[in-house]
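Visitor: Here it is: the structure, laid out below.
The values are calculated or read from the model by the stated rules, or taken from the named source; none is laboratory data. None of the values given here were measured: they were computed from a predicted structure. Cβ coordinates were reconstructed from backbone atoms using ideal geometry, including for glycine residues, and neighbour counts include every protein chain displayed. Heads up: the accessible areas ignore ligands, DNA and RNA and are worked out on the full protein's heavy atoms, side chains in. Shrake-Rupley method; radii C 1.70, N 1.55, O 1.52, S 1.80 Å.
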Amino acid sequence: IDQLPAALEKAENNESWTVADAISRVLENSEELHAWRRRLLSACMKGLIVMYNNSKDESKQEEERSMLLRLEELLHFVEEVDPDVWSSLVKTGLK
């Protein structure tokens, strides 16, 4: 579990996100869920940054859309966002 968020930061890692979703379901009623979601949010934003930096290929739009939906979902649960990561995501996404 500790190493998974770092793996999620790499673009094109949908299988790891499936594992992350399973872990989220297991943690559903635990005190650890909020901290887990914060780590997932950070990984999601960093993954989008990698995606934006590596490719402007239109064939990757579905993966980008999936990550953006995941980001939106996580933002509903996690109210604190790392300002440095958020700033980097916005700047990279606007390029």
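Visitor: For the chain, what is the calculated [θ] at 222 nm in deg cm²/dmol (nearest 500), taking -39500 (n - 2.57) for each run of four or more DSSP H residues and dividing by its residue count?
Guide: It lands at -23500 deg cm²/dmol.
Visitor: So, one more: Of the listed peptides 70-80, 35-45, what is their order by residue-averaged count of other C-beta atoms within 10 Å, with the highest listed first? Spell out each step's value before the answer.
Guide: Values: 70-80: 13.5, 35-45: 20.7.
The most tightly packed comes first, giving 35-45, 70-80.
Visitor: At a threshold of 8 angstrom on Cα-Cα distance, excluding pairs fewer than six apart, so keeping six or more, what relative contact order does the chain reach in percent?
Guide: Over the chain, the number comes to 34 percent.
Visitor: Taking θ as phi - 60°, what are the ³J(HN,Hα) couplings along the range 25-31 by the Karplus curve (6.51, -1.76, 1.60), each to the nearest whole Hz, with x for Gly and Pro?
Guide: Karplus-based 3J(HN,Hα) across the range 25-31 equals 5, 5, 7, 2, 10, 10, 6 Hz.
Visitor: Let me ask something else. Go through 43, 29, 16 and say which Cα lies farthest out towards the positive end of the charge dipole of the chain; charges sit on Cβ, +1 for Lys and Arg, -1 for Asp and Glu.
Guide: Selected residue: 43.
Visitor: Then there is this: Percent of accessible area on the chain owned by carbon and sulfur, 1.4 Å probe?
Guide: 49 percent
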